[in-house]
Ligand SMILES: N[C@@H](CCC(=O)N[C@@H](CS)C(=O)NCC(=O)O)C(=O)O
């Protein structure tokens, strides 16, 4: 049975909602936020991302609510509450499935810039604390994944790789963590990615060092 690890006052309530909508059985494990309003250590130990929601389904431990919702709908709900690929609404569905993260990012940026006005206080600011924890945890998740599979989606290259490569290449040039020897699996993966002929062609056409065609 799916275990829903729910953090109080958090967007993991959407997974409880989904399970109720689909009428699927689940076990609810409840965690209270700490005095800093962040997830407690017990919750963060569940998955390197450390963010709510997290579910368990047998051996699988999964974070990121957009992925969790689609997984539960497709794997356990016979596609109910998803929009099929053939539907004219499919592109809208895809866009609106991602929309929530954009709104959350906008709030985090707003709160961070408010906190940055007082650098000493910022160190105690829950948004600052969680953001640095998250970034570290996300690289742990990436490194772990690339130790168990050649590509993010599995043994074969997929759209999941297309989605993440920019964050590991171009964003590093803009201040994100550089993929170096501290991330050996990710470094080897990136070599596989950048040696793909289609990647090299695409970067020549549209990469950071390309320019607008005349
Ligand atoms: N994009 C993630 C965002 C998850 C997220 O930010 N969750 C918040 C709860 S609303 C959280 O984990 N906060 C506690 C913390 O950062 O320690 C998702 O949709 O799963």
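The values are calculated or read from the model by the stated rules, or taken from the named source; none is laboratory data. Remember, predicted model here, so these are calculated numbers, not experimental data. Don't worry about glycine lacking a Cβ; one is built from the backbone with ideal geometry, like all the others, and counts go over all protein chains shown.
More than 16 Å from the ligand (Cβ to nearest atom) and out of contact with any helix residue (DSSP H, G or I) (no Cβ under 8 Å at 6 or more places or on another chain): does that describe residue 94? Judged against the criteria, residue 94 is not a match. Please work out if residue 187 is out of contact with any helix residue (DSSP H, G or I) (no Cβ under 8 Å at 6 or more places or on another chain), surrounded by 15 or more Cβ atoms within 10 Å (Cβ to Cβ), free of Cβ contacts under 8 Å to residues at least 40 places away in the same chain and not assigned by TED's automatic domain parsing to the domain that holds residue 46. Answer is yes for this residue. Restricting attention to segment 112-127, the residues that are within 20 Å of the chain's Cα centre (by Cα) and free of Cβ contacts under 8 Å to residues at least 24 places away in the same chain add up to 2.
Taking helices (runs of 4 or more DSSP H) that do not extend beyond segment 1-83, which have at least 3 residues that are near the ligand (Cβ under 8 Å from one of its atoms) and under 16 Å from the mean Cα position of the chain (by Cα)?
Filter on segment 1-83 gives 65-71.
Taking residues in segment 75-95 that are closer than 27 Å to residue 25 by Cα, and partners anywhere that are modelled with pLDDT of 95 or more and in a loop (DSSP other than H, G, I, E, B), the pairs with Cβ atoms closer than 6 Å and at least 6 places apart or on different chains are 76/24; 83/89; 93/83.
Could you go through segment 97-105 and let me know if any residue there is within 8 Å of the ligand (Cβ to nearest atom), touching a residue at least 12 places away in the same chain (Cβ under 8 Å) and surrounded by 12 or more Cβ atoms within 10 Å (Cβ to Cβ). Yes, segment 97-105 contains at least one residue that is within 8 Å of the ligand (Cβ to nearest atom), touching a residue at least 12 places away in the same chain (Cβ under 8 Å) and surrounded by 12 or more Cβ atoms within 10 Å (Cβ to Cβ).
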